[in-house]
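Would you mind keeping the following structure in view while I ask a few things?
The values are calculated or read from the model by the stated rules, or taken from the named source; none is laboratory data. As the structure is a prediction and not an experimental result, all values here were calculated from the model. Here Cβ is always computed from backbone atoms with ideal geometry, including for glycine, and neighbour counts include all displayed protein chains. Only protein heavy atoms, including side chains, enter the accessible area calculation; ligands, DNA and RNA are left aside. Shrake-Rupley method; radii C 1.70, N 1.55, O 1.52, S 1.80 Å.
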Amino acid sequence: MTLIRFFRIFNRNFNLLVFSALVLALVVFFLTRYTPREYQSETEIFTGIASGINVESVETSKGGDFFTTSNEYDNLLNIIRSRQTLEEVGERLLVQHMMLDSADPEFISQENWQHFRYKVPDSLEQRLLVPNSFELTLENVKQYKKEHFNEERVKLTFYNASSPYSYQRISNVKISRVQNSDLIRISYTWTDPGIVKSTLEMLNKTFMKKLTDIKIGQGEDVVAYYRKQVAEASQRLANAEDR
């Protein structure tokens with residue numbers, strides 16, 4: 001087909017092409033006009049796993065072998081994806097909203113604020129909220145959730161996939177390693193930009209705290225072992241001196 005013949009065919013069917021495009025655009029518009037907008041945000045975290053950089057020795061650190069590195073990444077990702085971590089993220093997100101006096105686009109939209117007030121009416125908030133204390137309020141929320149786990153309000157708030165505070169909803173976070181670097185990328189998508197941002201912030205704080213507790217626990221075990229060995233050696237030395 002020559003170029004001239006192509007333009008002749010195009011010109012002959014121009015009106016049909018324009019009409020088809022308009023019809024398709026209208027169909028797409030009417031099918032999607034009530035679909036809520038979604039917002040995506042992401043965060044990147046430096047782990048130091050691949051390069052072996054750590055707080056004890058930056059100058060002498062070196063990367064480990066492939067299997068050690070892979071195992072450490074698996075452990076880290078499993079901590080982030082664990083149900084315990086994600087459930088605490090939902091609880092912390094709820095407490096953050098309880099600390100607000102009204103809807104704030106930085107944290108929650110007006111529409112989702114109304115859903116939140118339905119889940120946590122004033123009477124319940126007065127029971128759980130400890131003014132100016134995020135952690136005490138969080139403990140009250142956890143205790144309430146534990147004691148009333150079978151009630152409809154708790155199920156609607158913490159076990160419904162449409163609730164921003166539920167494990168099912170937050171488990172939609174996407175976690176990946178950035179190529180072969182020390183970075184991991186966490187992204188989250190939902191219909192409220194304030195909740196998306198806050199969820200990622202809460203996730204970062206929660207899993208970092210859990211990771212720190214694990215590392216501290218491992219360090220305490222090592223210290224306890226060496227203290228025990230030193231005490232036993234000192235006792236053996238004292239016994240030898242007595243003899």
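Compare Arg5, Arg83, Arg12 by solvent-accessible area with a 1.4 Å probe and give them largest first, with all protein chains kept in place.
Solvent-accessible surface, decreasing: Arg12, Arg5, Arg83.
Which lysines have a Cα less than 22 Å from the Cα of Lys145, not counting those fewer than 8 places away in the same chain?
Qualifying lysines at Cα under 22 Å: Lys119, Lys155, Lys205, Lys209, Lys210.
Around Ile186, under 9 Å between beta carbons, what's the net of Lys plus Arg minus Asp minus Glu among the other residues?
0
Excluding same-chain residues fewer than 8 positions from Lys146, which aspartates and glutamates have a Cα within less than 17 Å of its Cα?
Glu87, Glu88, Glu91, Glu125, Glu135
Another question, if that's okay. Once amide H atoms are placed 1.01 Å from N in the peptide plane, what residues at a sequence separation of 5 or more from Arg177, or on another chain, have their amide H within under 5 Å of its amide H?
The answer is Arg185.
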